[in-house]
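Colleague: The following block contains the structure, expressed as structure tokens.
The values are calculated or read from the model by the stated rules, or taken from the named source; none is laboratory data. Values in this document were obtained by computation on a predicted structure and should not be read as measured data. Positions of Cβ are generated from backbone atoms using ideal geometry, with glycine treated the same way; all protein chains shown enter the neighbour counts. Side chains are part of the model used for accessible areas, which takes the heavy atoms of the whole protein and leaves out ligands, DNA and RNA. Shrake-Rupley method; radii C 1.70, N 1.55, O 1.52, S 1.80 Å.
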Amino acid sequence: MSPNVALSSEIEMAIKYFDTQLGLPPGRPSTPAVKEFLSLILRHFRWFEPRRYGHASLENAIDPSRLDLGALLAYYEEHGHLHVAARTDRDFISIYPTTTGAPPYTGMLSWLTSASSASKAAWRAAHAQQVAEVMRLFQSPLALAGLDTDLHSKKWRLVHKRMPTDEGKDFTWSEEEFTVRDYSEGLPGLVWRNFYGPPFVRMFGPRLDALPPGCRTPLGEDLVLVQPYELPTAAGTEVGIARERELISLLGPECFYDHEHLALPTRRPVLDAPGRPLPL
């Protein structure tokens, strides 16, 4: 293992990640939309200073003093996906569209950064507005944000499997499976920040108004932020779990994956047709 790889692995293990995941509509986002997104996050929002891009190995270098979006867009056009990262693994984004026009809509845009960022009130305020702007750009109906460990636990479950062998002994193993594959199957649960676009606002209807004060924040027309607790670090605590259950009971348990009984949501959103713009 090279020193650089070892250093990267050590940094990744030490970082407690905060993850923001936007579900993408079916199909591949246009190159102009991706260009606008990259310009927003790297030049205007300044999520991080870009130094590397490509696939997961981030094989191409970026000179931040001469940021060339053309090279990034050329990679996206050729490969259909894109990763952009800072000098270390502390900050990076990935765009992974789906190539099919039918469910499951597994396309996703993800931004990972250090969980310590969310401890700052100014960062949290900017995060809400910036996520809303990116959702509108890509016509995303759903975004979830919180500790990556919490998002993972809501979206995946560990399944123990067994297979008989010719020797008469069972071969056993464990693997992870989706709870819900994507927003077309409903919601995996509540995390720190839950950004609901028009299909989910319509699905919940007046139930959104029944949420306790401070848990519901309109972000323009037909876009609502539901936040169970003030900080993402409350996820997984007794208080945080109780708050999530309270809000789920108000919004409708049938809209969420049942982790106790391993059951899919029985109520799902009626999705907008691709290409229908979100209200600005």
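Colleague: Only helical DSSP H runs with n ≥ 4 go in: add -39500 (n - 2.57) per run for the chain, normalise by residue count and round the 222 nm mean residue ellipticity to 500 deg cm²/dmol. Could the numbers behind the result be given before it?
Modeller: Details: 7 runs with 79 residues, N = 280.
The helix contribution divided over the chain gives -8500 deg cm²/dmol.
Colleague: Express the accessible area of the chain per residue in Å², computed with a 1.4 Å probe while the remaining protein chains stay in the model. It would help to have the intermediate numbers written out before the result.
Modeller: On the way: 14310 Å² over 280 residues.
That works out to 51 Å² for each residue.
Colleague: Among SER117, LEU144, ALA85, whose Cα lies farthest out toward the positive end of the dipole of region 67-196, if unit charges sit on the beta carbon of Lys, Arg (+1) and Asp, Glu (-1)?
Modeller: SER117
Colleague: At a 10 angstrom cut-off on C-beta neighbours, averaged per residue, how do the peptides 88-97, 53-62 rank from highest to lowest? Kindly include the intermediate steps, with their values, before the conclusion.
Modeller: Details: 88-97: 19.5, 53-62: 14.7.
Per-residue mean Cβ counts within 10 Å order the peptides as 88-97, 53-62.
Colleague: Something else: Rank-order 132-145, 65-78, 243-256 by packing density, defined as the average count of other C-beta atoms within 10 Å over each peptide's residues, highest first.
Modeller: Details: 132-145: 21.7, 65-78: 13.5, 243-256: 17.3.
Ranking, from highest mean packing down: 132-145, 243-256, 65-78.
Colleague: Taking every alpha carbon pair in region 7-155, what does the distance histogram look like in 10 angstrom bins from 0, in percent?
Modeller: Once binned at 10 Å, the Cα pair distances of region 7-155 give 10, 42, 38, 9, 0.
Colleague: Let me know the Rg and Dmax you get for the chain when you use only its Cα atoms, in Å.
Modeller: According to the Cα coordinates of the chain, Rg and Dmax are 19.7, 64 Å.
Colleague: How high is the FRET efficiency from GLU246 to SER174, r the C-beta distance, R0 25 Å, rounded to 0.05?
Modeller: On the way: r = 32 Å, r/R0 = 1.28.
Given R0 = 25 Å and the Cβ-Cβ separation, E is 0.20.
Colleague: Compute the semi-axes of the equivalent ellipsoid of region 151-236, taking the square root of 5 times each eigenvalue of the Cα gyration tensor, and list them largest first in whole Å. Spell out each step's value before the answer.
Modeller: Working: eigenvalues 304, 44, 15 Å².
Over the Cα atoms of region 151-236, the semi-axes work out to 39, 15, 9 Å.
Colleague: Filter the trypsin sites (Lys or Arg not before Pro) in region 143-221 to those in DSSP coil with at most 16 other Cβ atoms within 10 Å of their Cβ, and list the result. Intermediate results must be reported in sequence, preceding the final value.
Modeller: Numbers: sites: LYS154, LYS155, ARG157, LYS161, ARG162, LYS169, ARG181, ARG193, ARG202, ARG207, ARG216; in loops: LYS169, ARG181.
In loop regions of region 143-221 (DSSP not H, G, I, E or B), the sparsely surrounded trypsin sites (Lys or Arg not before Pro) are LYS169, ARG181.
Colleague: Additional query: GNM on the chain, C-alpha springs below 10 Å: top fluctuator among THR237, THR149, THR98?
Modeller: THR237
Colleague: Using a 1.4 Å probe over the heavy atoms of the protein chains, calculate the carbon and sulfur portion of the accessible area of the chain as a whole percent. Provide the component values of the computation, followed by the final result.
Modeller: Values: 7700 of 14310 Å².
Here it works out to 54 percent.
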